[in-house]
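Everything on this sheet refers to the single structure shown next.
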Amino acid sequence: MGNKLKICPTGDVDFESVEFFDVAVPAGFPSPAEDHLDIDLDLSNYLIQNPSATFCVRVEGHSMVGAGIQSGDVILIDRSLTPNPRSIVLAVIDGEFTVKRVDIVDDKLFLIPENPRLKPMEVAEGSNFQVWGVVTFVIHKV
């Protein structure tokens, strides 16, 4: 794993209000644009449900590319959420951070990458394991 994290509280992130066209835009052929703005989009309110429990982490590595998480992306983590089976989480296992899906198979806990080159890892009984929070959003440049 060997992941290094750059953690920043969301209160330190300056999400300015961004103009928002409340119109669906097809990803196929172009359609006429609307002439007016409907509302301002406050990214803090849109991305962060629980400000005191949410923080950002920059991802390093390629284990979650199948889930749309690339190396260099910023992910938002909400510590107040309880992970469900197949949730993507930020976890720490034996002192190392990792971003993976969690799942229980045959009463065994697994950390599952979203990269076909990597194999799921069973969290062995007695491991020092903790879920730090659930990934709620991924921010990356296109």
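The values are calculated or read from the model by the stated rules, or taken from the named source; none is laboratory data. Because the structure is a prediction, the values reported are computed rather than measured. Reconstructed Cβ throughout: ideal geometry from the backbone, glycine too, with neighbour counts over all protein chains shown.
Annotation note: Cβ proximity below 7 Å between a residue of the stretch 59-84 that is touching a residue at least 24 places away in the same chain (Cβ under 8 Å) and closer than 15 Å to PHE97 by Cα and a residue that is among the basic types (Lys, Arg) and part of a loop (DSSP other than H, G, I, E, B) (sequence gap 6+ or interchain) occurs for GLU60/LYS4. For the stretch 112-132, what are the residues that are of a type in the set (D, E, K, R) and assigned to a loop (DSSP other than H, G, I, E, B)? Listed by number, the residues that qualify are GLU114, ARG117, LYS119, GLU125. In the stretch 112-130, the residues that are acidic (Asp, Glu) form Cβ pairs under 6 Å with partners that are part of a loop (DSSP other than H, G, I, E, B), at six or more places apart or across chains, as follows: GLU114/MET64.
Quick one: which residue in SER87, SER71 is under 19 Å from ILE139 (Cα atoms), at pLDDT 95 or above and among the hydroxyl-bearing types (Ser, Thr, Tyr)?
Working: SER71 fails: at pLDDT 95 or above.
From the options SER87, SER71, the qualifying one is SER87.
Only one of the listed residues (SER71, SER63, SER80, SER52) is touching a helix residue (DSSP H, G or I) at 6+ places or on another chain (Cβ under 7 Å) and not in a strand (DSSP E or B). That residue is SER80. Based on this model, can you work out whether PHE137 counts as closer than 19 Å to ALA67 by Cα and without any contact (Cβ under 8 Å) to a residue 24 or more places away in the chain? So PHE137 fails the test.
Any residue at all in the stretch 41-57 that is out of contact with any Pro (no Cβ under 6 Å at 6 or more places or on another chain), modelled with pLDDT of 90 or more and hydrophobic (A, V, I, L, M, F, W, C)? No; the residues of the stretch 41-57 include none that is out of contact with any Pro (no Cβ under 6 Å at 6 or more places or on another chain), modelled with pLDDT of 90 or more and hydrophobic (A, V, I, L, M, F, W, C). You will find that of LEU81, LEU76, the residue that is under 15 Å from PHE55 (Cα atoms) and modelled with pLDDT of 95 or more is LEU81 and no other.
Among the residues of the stretch 121-138, are any surrounded by 14 or more Cβ atoms within 10 Å (Cβ to Cβ), modelled with pLDDT of 90 or more and among the polar types (S, T, N, Q)? Yes, the stretch 121-138 contains at least one residue that is surrounded by 14 or more Cβ atoms within 10 Å (Cβ to Cβ), modelled with pLDDT of 90 or more and among the polar types (S, T, N, Q).
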